[in-house]
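Here the structure is laid out as structure tokens; the discussion comes afterwards.
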């Protein structure tokens, strides 16, 4: 059994992790760490999990957490993550960080987009980017994973096949994404105005040109294609609880002679069942719907070339808390411990 702890267990991602891990046949939950909720039964903090888990939230040092754990999920941000991860690794635990602190190899990129000094630069060289469909073999041997962002996962899984096939112009790619309110967490977020009264029957763009997932999307696509790729990324907040819908617009190269049939063949050839067990390639963008993936680890994708304009349209959807966060983290854990990566993730609602 893998002894697993969660730092940040009381948040939305922490709850989703708990749901997934409680049904995992190879996991023994060790510590549920939450400074704000320490001493409270997890069922009181997360009422949907009453009678599902009898653990009590605790406050613990990184050394104490590492001693009790083979693997630790860190679902915090910024300074709290920097203060925790080095001690976990020093204590012998493997770490999957679900925040953004270990996604970039270059600390300067993090500092430019996150507006914060990176306090663990020495760990970036060994951190592995946890997108299994692209970096599975690296993930298997890692002890520190930077779990991808939710918008990034929906965008990269949709675009990487076309970038790798070198059928798109590398400029003019537009990524238009819509996310549910759970992406902002449980607390009020002034930047996103995620109160119900602001969200109900309303939608708006935010972080235009400045959203920190932009360089992460570009990083994954650059690695997939072996050449620099830039995108225009525009996120929107939609009146949904969970889910992301991403629509991508790109110009095919003239000599690619790209048709809808060829575009779908590229997606299916890249996302085989062996390479991408949680990616489903559908027959057209009209079939890609948020309701079909919510509370699952699936990402649904499809594409169409509009004959009149020659434009490629790629649609992608996933649950931001599952494939965009906790589910993908469990998928990475499975790989790190030599398990089938679908273990504990299929046939269940998270």
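Picking from residues in region 65-79 that are out of contact with any strand residue (DSSP E or B) (no Cβ under 8 Å at 6 or more places or on another chain) and without any contact (Cβ under 8 Å) to a residue 40 or more places away in the chain, the one that is farthest from residue 121 (Cα to Cα) is 67. Condition first: free of Cβ contacts under 8 Å to residues at least 24 places away in the same chain and surrounded by fewer than 16 Cβ atoms within 10 Å (Cβ to Cβ). Can you find one or more residues in region 84-104 that meet it? There is no residue in region 84-104 that is free of Cβ contacts under 8 Å to residues at least 24 places away in the same chain and surrounded by fewer than 16 Cβ atoms within 10 Å (Cβ to Cβ). Of all residues in region 313-350, those satisfying the criterion of being part of a loop (DSSP other than H, G, I, E, B) and farther than 18 Å from residue 142 by Cα are 319, 320, 321, 342, 343, 344, 345, 346, 347, 348, 349, 350.
Each row is one residue, and each column tells you yes or no for (1) in contact with a strand residue (DSSP E or B) (Cβ under 6 Å, 6 or more places away or on another chain); (2) over 13 Å from residue 164 (Cα atoms).
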{"position": "220", "(1), (2)": "no, no"}
{"position": "223", "(1), (2)": "no, no"}
{"position": "229", "(1), (2)": "no, no"}
{"position": "232", "(1), (2)": "yes, yes"}
{"position": "238", "(1), (2)": "yes, yes"}
{"position": "249", "(1), (2)": "yes, yes"}
{"position": "257", "(1), (2)": "no, yes"}
{"position": "267", "(1), (2)": "yes, no"}
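Kindly indicate whether residue 296 is out of contact with any strand residue (DSSP E or B) (no Cβ under 6 Å at 6 or more places or on another chain), within 30 Å of residue 97 (Cβ to Cβ) and modelled with pLDDT of 95 or more. Give the steps one after another, and end with the answer.
Values: out of contact with any strand residue (DSSP E or B) (no Cβ under 6 Å at 6 or more places or on another chain): yes; within 30 Å of residue 97 (Cβ to Cβ): yes; modelled with pLDDT of 95 or more: yes.
Yes.
Take the residues in region 88-111 that are within 21 Å of the chain's Cα centre (by Cα) and assigned to a helix (DSSP H, G or I), then tell me which one is farthest from residue 131 (Cα to Cα). Residue satisfying both the conditions and the ranking: 111. Scanning region 41-54 for residues that are assigned to a loop (DSSP other than H, G, I, E, B) and either out of contact with any strand residue (DSSP E or B) (no Cβ under 8 Å at 6 or more places or on another chain) or surrounded by 16 or more Cβ atoms within 10 Å (Cβ to Cβ) (or both) gives 46, 50, 51, 52, 53. Of all positions in region 126-140, at least one carries a residue that is over 27 Å from residue 273 (Cα atoms) and either in contact (Cβ under 8 Å) with a residue 60 or more places away in the chain or surrounded by fewer than 21 Cβ atoms within 10 Å (Cβ to Cβ) (or both). The residues listed here are 102, 162; of these, the one that is farther than 15 Å from residue 214 by Cα and outside the structural domain of residue 219 (by TED's automatic domain parsing) is 102.
Is at least one residue of region 276-291 crowded, with 24+ Cβ neighbours inside 10 Å and more than 28 Å from residue 166 (Cβ to Cβ)? The answer is no; no qualifying residue exists.
Within region 26-37, the residues that satisfy the criterion of being part of a loop (DSSP other than H, G, I, E, B) and under 21 Å from residue 71 (Cβ atoms) are 26, 34, 35.
Residue count for region 45-57 satisfying the condition of being farther than 20 Å from residue 349 by Cβ and more than 26 Å from the chain's Cα centre (by Cα): 3.
The values are calculated or read from the model by the stated rules, or taken from the named source; none is laboratory data. Bear in mind that the values here come from a model prediction, so they are computed numbers and not experimental data. Backbone-built Cβ (ideal geometry, glycine too); neighbour counts: all protein chains shown.
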